[in-house]
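S.K.: Let me give you the structure first, and then I'll get to my questions.
The values are calculated or read from the model by the stated rules, or taken from the named source; none is laboratory data. Since the structure is predicted, the reported quantities are computational estimates derived from the model, not experimental observations. With ideal geometry, Cβ positions are generated from the backbone for all residues, glycine too; neighbour counts draw on all protein chains shown. Note: accessible area is taken over every heavy atom of the protein model, side chains too, but ligands, DNA and RNA are not part of it. Shrake-Rupley method; radii C 1.70, N 1.55, O 1.52, S 1.80 Å.
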Amino acid sequence: MTRLGVNIDHIATIRNARGEVFPSVIEAALIAESNGADLITAHLREDRRHIKDKDLLLLREVIKTELNMEMAATTAMLNIALQIKPDFVCLVPEKREELTTEGGLDVIKNFDNVALMVDKLQSNHIKVSLFIDANEQQISYAQKTNAYAIEIHTGKYAKSKDNYYTQPEYLQIKNMVEYAHSLNLTVNAGHGLNYHNVAPIAQLPHIHELNIGFAIIAQSVFYGLPSAVSQMKNLIAKDLIHSQYLKSGLGENKKITTRWTKCPERVIFLFLTTSRFQRQGVYDDFWNWS
Ligand code: PXP
């Protein structure tokens, strides 16, 4: 089953907005774990705008699942990772002025540095994934670094408005997941995924893990964190059924409507995710009885 990594950065964003000690990222991680998170993801940015070093140290001690530390490929970050010893490090590009991570790491341009970081981390039993665009050359260089995994950047795909299955970005991701799998890379994905666009990605064969943050924390404002995490987990798990359906020979270009009508749960989901029903709490009830 596809694993769900819950990124808790934006719990820290809220905490830091008032210079407070709450909401606690530790509490958030524990709630996420007890509601279906398979791992906890946190990005230690160079400007420390959300997660702080101390958060990671505490998370390392307290969480019962696995810890995935996202970080820039710098010596300063490497030293922190070696001290914290997360289970995974995801190397990401980082620019101070960006709102969030924009675009994947350029493994080709930074090959020597990335390969060195992978070697240092993996020889210290920290598995490394490289956050990259769905690009064949980047993937083949990622494999040459010996990284255990790649995380495919889904940001561009996530911006498409509807009919996700026919978007060029989706088809590109689908092909690149296959390609990376053929190179024996573990394939994760993330960025911009939400309750509406996660299913087509989750149901791709060979997707191992999805890392999702903003949408879950945003949803938790209205429905609470336990519900926000379990709803996402349900969506990912439910799609196992649908992926069997996809694999059963119906080609990618068949009309999306056929798929939706053949999957009644999805029709109900679409219906219940309209804001009117969300306000009435019907959406939550759906998850309780489905
Ligand atoms: N994966 C990586 C590598 C990221 O940098 C981020 C954002 O920190 C995410 C996943 C999660 O993205 P989002 O918050 O849009 O779900």
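S.K.: Go through the residues of the range 140-151 one by one and say whether even a single one is on the phi < 0 side of the Ramachandran plot, within 10 Å of the ligand (Cβ to nearest atom) and either polar (S, T, N, Q) or in contact with a Leu (Cβ under 8 Å, 6 or more places away or on another chain) (or both).
M.R.: Residues of the range 140-151 on the phi < 0 side of the Ramachandran plot: 140-145, 147-151.
In the following step, the residues that additionally are within 10 Å of the ligand (Cβ to nearest atom) were identified as 151.
Subsequent filtering for residues that are either polar (S, T, N, Q) or in contact with a Leu (Cβ under 8 Å, 6 or more places away or on another chain) (or both) retains 151.
Scanning the range 140-151, I find at least one residue that is on the phi < 0 side of the Ramachandran plot, within 10 Å of the ligand (Cβ to nearest atom) and either polar (S, T, N, Q) or in contact with a Leu (Cβ under 8 Å, 6 or more places away or on another chain) (or both), so the answer is yes.
S.K.: Can you name every residue in the range 168-193 that is closer than 16 Å to Asn7 by Cβ and in contact with a strand residue (DSSP E or B) (Cβ under 8 Å, 6 or more places away or on another chain)?
M.R.: We begin by selecting, within the range 168-193, every residue closer than 16 Å to Asn7 by Cβ; these are 188-193.
Hits for the range 168-193 are Asn188, Ala189, Gly190, His191, Leu193.
S.K.: To continue, here is another question. Open to solvent by 70 Å² or more (accessible area, probe 1.4 Å), modelled with pLDDT of 95 or more and either assigned to a helix (DSSP H, G or I) or not assigned by TED's automatic domain parsing to the domain that holds Thr13 (or both): is that true of Leu78 in this structure?
M.R.: For Leu78, the condition - open to solvent by 70 Å² or more (accessible area, probe 1.4 Å), modelled with pLDDT of 95 or more and either assigned to a helix (DSSP H, G or I) or not assigned by TED's automatic domain parsing to the domain that holds Thr13 (or both) - is not met.
S.K.: Restricting the search to the range 183-218, which residues are more than 14 Å from Gln231 (Cβ to Cβ), within 11 Å of the ligand (Cβ to nearest atom) and not in a loop (DSSP other than H, G, I, E, B)?
M.R.: The answer is Asn188, Ala189, Gly190, Glu209, Asn211, Phe214.
S.K.: Collect the residues in the range 32-50 that are more than 11 Å from the ligand (Cβ to nearest atom), buried (at least 21 other Cβ atoms within 10 Å of the Cβ) and not in a loop (DSSP other than H, G, I, E, B), keeping them in residue-number order.
M.R.: Ala32, Leu39, Ile40
S.K.: Please find, among Asp53, Asp87, the residue that is open to solvent by less than 60 Å² (accessible area, probe 1.4 Å), assigned by TED's automatic domain parsing to the domain that holds His181 and more than 20 Å from the chain's Cα centre (by Cα).
M.R.: Asp53
S.K.: For Ser182, state whether it is modelled with pLDDT of 95 or more, more than 23 Å from Glu46 (Cβ to Cβ) and either open to solvent by less than 40 Å² (accessible area, probe 1.4 Å) or not assigned by TED's automatic domain parsing to the domain that holds Thr75 (or both).
M.R.: Taking the combined requirement at face value, the residue does not satisfy it.
S.K.: Checking the structure you have, find out if any residue of the range 102-116 is of a type outside the set (Ser, Thr, Tyr), modelled with pLDDT under 95, within 14 Å of the ligand (Cβ to nearest atom) and farther than 14 Å from His153 by Cα.
M.R.: no
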